[in-house]
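Q: This is the structure, below, for whatever I ask next.
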Amino acid sequence: MGRVALSVVGIVAVAALIGAGQGVWSGMWGASLCFDATPTLLGLESTLTVSYGICGWTFAATMGLTESGWMTARFDGAALVGAVAGDLTVVFYPQTASFAYLEGTAMLVFSGVTAEAAVRVEPTGAGWRFGIRGDAARCHLVGLAYFNMTTAGEILDPSCELCFSSAWIEIDFPFGCLDRVHTSLGFTPLGFEGVTFSLDDVPFGVIDWLTFDLAVTFDDGPQGKTLTLTPELNMGQDLCLTLYGELLTVGNVIDGLSFHGAELRFEWETVAITSLSAFDVADPHDLVLDPYWEMLCIGTLEEICCDGDLGFEVCTYFDATSDALFDWGMTSIEATVGIGPSVTVSGSTIFDLSGVVELCLGAGLRW
């Protein structure tokens, strides 16, 4: 009976959209098949999205299928009426005819200030977020309060909906010769959570190509104060080098500076080359895909949409335990080609020392 009810809801929703009047229809469909070397089917994914917009209202329905069947059904609605805006998302699991979650947000804009309220409802409970944000002169202020919800949107206690979880205040303001100082204060039911002051692109003396991102956090943890320093080397408009590291402190004394990784990125026209390396092979600090310590990628930047467009990305990973040349461990290749004004075809493969790990073929359609 549950599946029948869910199907009726979907049919009624589609019928309502068709009968709503003259609007704008759009949509997209995409599908992919993945195999291993045998070849055995590893997975099938297909997603269909249909959107309808009229008079400032937008409605969308998204259906997700895998090799196991119809897995998700998502319905979205959004509206902008004067100073009031809102959106609503409802997701179901058709296979079990069960409700997954509901998310809704309402916003009111007045005199340059935006007030918002959001809710997330799951079978196990509900959580809320209330916020306000606005600008005054060159300052930007954001205040957010969470009830029975983490900042990531996770429900905390099924038995309590309006239990206070946390509150955060963020203020951006200019200070002296610095264009932006970011301040973040946090509170929880236990009291003061901490305060962080951060600066971006702080110049380093007369060295124009060297800047630092600086963050200082004060909290009631075991260290009390944490200082994070991220240097960035700007070698022209297209080339950027980022060093990942941390300051070493003993008490209140800065004892040294440790670098544990570097990222070099070069962009030219529509192509980007990225090299990411962890200096400590035994402890890569989650910089590179585990268990590899170095990555080299080249790929296109623009989204593929039209006839003749070509997009690709080739990434090679290096493993310190590999016996191959240059410690080669794995390579992934992805490519997408536009056919006609609205059709794309794609393919990808992953192979390592054991051979082909995965081969995927896909297609997409927009209208």
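Values in this text are rule-based calculations from the coordinates and carry no lab data. Predicted model only: the values in this text are computed from it and were never measured. FYI the Cβ positions are ideal-geometry reconstructions off the backbone, even for glycines, and counts take in every protein chain you see.
Q: Provide the net charge surrounding Thr105, with neighbours chosen by a C-beta distance below 15 Å and charges set as Lys +1, Arg +1, Asp -1, Glu -1. Can you show the working numbers first?
A: Numbers: positive: Arg120, Arg129, Arg133; negative: Asp76, Asp87, Glu103, Glu116.
Taking every other residue near Thr105 into account, the sum is -1.
Q: How much length, in nm to one decimal, is gained on full extension between Cys55 and Tyr93, taken as 0.36 nm per residue of separation minus their Cα-Cα distance?
A: Values: separation 38, 0.36 × 38 = 13.68 nm, distance 3.06 nm.
In short, 10.6 nm is gained.
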